[in-house]
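Q: So that we are looking at the same thing, I have put the structure below in structure tokens.
The values are calculated or read from the model by the stated rules, or taken from the named source; none is laboratory data. Everything numeric in this text was worked out from a predicted model, so none of it was measured. Quick reminder, even Gly has a Cβ in these numbers, built from the backbone with ideal geometry, and neighbours come from all protein chains shown.
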Amino acid sequence: MAKLAFMLALCVLLPALISAARPMSRPYVLQGKVYCDTCRAGFETSATTYIEGAKVRVECKDKTQKLLYTAEGTTDATGTYHINVNEDHGDETCDVVLVSSPLGDCKNADPGRDRARLALTSYNGIVSDTRFANAMGFMKDEVMSGCTTLLQSLMEEED
């Protein structure tokens, strides 16, 4: 009987423990953009600029809101960040959040556009390992000139 229990543990439990402990062979790649809302419109416009050097962080929490995982990234010249995550976070709530902006006059996070929720699991029907997040933004301290005209043109209704 002891041999049977040992063989069961060796054949079933050991492979399960090994696969749970090792990182994924193909990590998830989180991708998104960070912008400066030059018109303080609350959304991206044609006057929006993208921020190089902005810092973002991935945070995954359990149902009790206990922080279980974090990773940080920085945007490139196009305002795009790429963060690799080597673990499946199927039972957790994961968000990308703004951390900081290198622009002195565009440092305040836009409320409602300061985080983006992501699904970091392979058990949801998404085939790709790349996960795209909604764009997040900071607001410029002073509205850029020409924004009034731009926003009025966006509000015009076509007949």
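Q: Check off (1) aliphatic (A, V, I, L, M); (2) exposed (fewer than 15 other Cβ atoms within 10 Å of the Cβ); (3) modelled with pLDDT of 95 or more for Leu98 and give me the number that stays unchecked.
A: Result: Leu98 passes all but (2).
Q: Output the residue which, of all residues in the stretch 37-60 that are more than 16 Å from Leu151 (Cα to Cα) and of a type in the set (A, V, I, L, M, F, W, C), is farthest from the chain's Cα centre (by Cα).
A: Step by step, filter the stretch 37-60, then rank; the result is Ile51.
Q: Another one. Consider Val85 carefully, then state whether it is of a type in the set (A, V, I, L, M), surrounded by fewer than 16 Cβ atoms within 10 Å (Cβ to Cβ) and within 13 Å of the chain's Cα centre (by Cα).
A: no
Q: Restricting attention to the stretch 118-133, which residues are part of a loop (DSSP other than H, G, I, E, B) and of a type in the set (S, T, N, Q)?
A: Residues of the stretch 118-133 that are part of a loop (DSSP other than H, G, I, E, B), as a first pass: 119-129, 133.
Listed by number, the residues that qualify are Thr121, Ser122, Asn124, Ser128.
Q: Also: What pairs come out if I take residues in the stretch 46-67 that are acidic (Asp, Glu) and pair them with residues that are surrounded by fewer than 17 Cβ atoms within 10 Å (Cβ to Cβ) and assigned to a loop (DSSP other than H, G, I, E, B) whose C-beta lies under 9 Å away, six or more apart or interchain?
A: What qualifies is Glu52/Asp76; Glu52/Ala77; Glu52/Thr78; Glu52/Pro102; Asp62/Asp91.
Q: Determine which single condition Tyr35 fails, assuming it passes every other condition in (1) assigned to a loop (DSSP other than H, G, I, E, B); (2) modelled with pLDDT of 95 or more; (3) under 26 Å from Ala119 (Cβ atoms).
A: (1)
Q: I would also like to ask the following. Condition test on Cys36, is it in contact (Cβ under 8 Å) with a residue 60 or more places away in the chain, in contact with an Asp or Glu (Cβ under 9 Å, 6 or more places away or on another chain) and over 15 Å from Arg131 (Cα atoms)? Walk me through how you get there before you give the answer.
A: Details: in contact (Cβ under 8 Å) with a residue 60 or more places away in the chain: yes; in contact with an Asp or Glu (Cβ under 9 Å, 6 or more places away or on another chain): yes; over 15 Å from Arg131 (Cα atoms): yes.
Considered against the rule, which asks whether it is in contact (Cβ under 8 Å) with a residue 60 or more places away in the chain, in contact with an Asp or Glu (Cβ under 9 Å, 6 or more places away or on another chain) and over 15 Å from Arg131 (Cα atoms), Cys36 comes out as yes.
Q: Is there a residue in the stretch 130-139 that is among the charged types (D, E, K, R) and either modelled with pLDDT under 95 or in contact with a Phe, Trp or Tyr (Cβ under 6 Å, 6 or more places away or on another chain) (or both)?
A: Kept after step one, since they are among the charged types (D, E, K, R), are these residues of the stretch 130-139: 131.
Checking the rest, the ones that are also either modelled with pLDDT under 95 or in contact with a Phe, Trp or Tyr (Cβ under 6 Å, 6 or more places away or on another chain) (or both) come to 131.
Scanning the stretch 130-139 turns up at least one residue that is among the charged types (D, E, K, R) and either modelled with pLDDT under 95 or in contact with a Phe, Trp or Tyr (Cβ under 6 Å, 6 or more places away or on another chain) (or both).
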